[in-house]
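The values are calculated or read from the model by the stated rules, or taken from the named source; none is laboratory data. Because the structure is predicted, anything quoted here is derived from the model rather than measured. Backbone-built Cβ (ideal geometry, glycine too); neighbour counts: all protein chains shown. Areas reflect the complete protein model, heavy atoms only, side chains present, ligands, DNA and RNA absent. Shrake-Rupley method; radii C 1.70, N 1.55, O 1.52, S 1.80 Å.
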Amino acid sequence: MLALLHTSPVHVPVFDALRDQDHPGLELRHVVLPRLLDRARRDGAAAVADDVRTALRQAVADGARAVLCTCSTLGGVAEAGADDAGVPVLRVDRPTAAAAVALGPRVAVLATLESTLGPTVTLVEEEAARAGRPVEVRTRVLGDAWRAFEAGDTERCARLVANAADAIGTADADAIVLAQASMAPAERLTTTSVPVLSSPRRGLEAGARVALRQ
């Protein structure tokens, strides 16, 4: 069984649908803790490290063979809790960062939350170092898109993210990373010739692979 640690309930049907499409038969257990993101935005991700470790331990007690954290703000904190949890803990955006680095040295990161930028930039730089590749990361925060998401207007959120991606051309970037799982619907709306990468499908693929071999 693969446990998924979310900070928004909107991710549950998204990952269930991806499981049905790509990994039929894989058992998922969803743990939804919005308060962790609320506090991390206010006090920093380190402030919720103990709560994240508690959630990981509970997931393992409930039968998880691996845990996938779908929140980019908390991804690093979750990964750091793997030893304490006793099972592999993955962050949903790591495969996307690796894919972006492989496309070229200029990576544009779009986020709807300021708190996501630091962890995502660090992650892209880690993957570049691991691959032995140079990287230059440019970032942009789309606050209007987050406000639309919070208001439940996911369609407007996706359109705003897609518009921002379409403003980036091949002269500016080799890859565009959508930093949060909630931004994934924008990927299908973009028209830019720069590859636009979102995390849910890649992240679930990595989580499934690890969970099934444990």
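Only one of the numbered conditions (1) touching a strand residue (DSSP E or B) at 6+ places or on another chain (Cβ under 8 Å); (2) open to solvent by less than 20 Å² (accessible area, probe 1.4 Å); (3) not hydrophobic (A, V, I, L, M, F, W, C) is not met by ASP174, and that is (2). Determine whether SER193 is of a type in the set (S, T, N, Q), over 13 Å from ALA108 (Cα atoms) and surrounded by 23 or more Cβ atoms within 10 Å (Cβ to Cβ). So SER193 fails the test. Each residue in the range 184-198 was checked for being in contact with a strand residue (DSSP E or B) (Cβ under 7 Å, 6 or more places away or on another chain) and under 24 Å from LEU68 (Cα atoms), and 6 of them qualify.
Checking ALA78, ALA100 one by one, the residue that is of a type in the set (A, V, I, L, M, F, W, C) and under 17 Å from ALA131 (Cβ atoms) is ALA100 and no other. Listed by first and then second residue, the pairs with beta-carbon distance under 7 Å, at least 6 apart or on different chains, first residue in the range 131-142 and in contact (Cβ under 8 Å) with a residue 12 or more places away in the chain, second in a strand (DSSP E or B) and among the basic types (Lys, Arg), are GLU136/ARG106. When LEU18, LEU36 are checked against the criterion of being in contact (Cβ under 8 Å) with a residue 12 or more places away in the chain, part of a helix (DSSP H, G or I), out of contact with any strand residue (DSSP E or B) (no Cβ under 6 Å at 6 or more places or on another chain) and within 14 Å of VAL67 (Cβ to Cβ), LEU36 stands alone in meeting it. Remark: pairs (first residue in the range 165-187, over 19 Å from SER8 (Cα atoms) and assigned to a loop (DSSP other than H, G, I, E, B); second residue aliphatic (A, V, I, L, M) and open to solvent by 20 Å² or more (accessible area, probe 1.4 Å); Cβ separation under 8 Å; 6+ apart in sequence or on different chains) = ASP174/LEU103. Return yes when VAL31 is among the hydrophobic types (A, V, I, L, M, F, W, C) and assigned to a strand (DSSP E or B) and no when it is not. Against the criterion (among the hydrophobic types (A, V, I, L, M, F, W, C) and assigned to a strand (DSSP E or B)), VAL31 qualifies.
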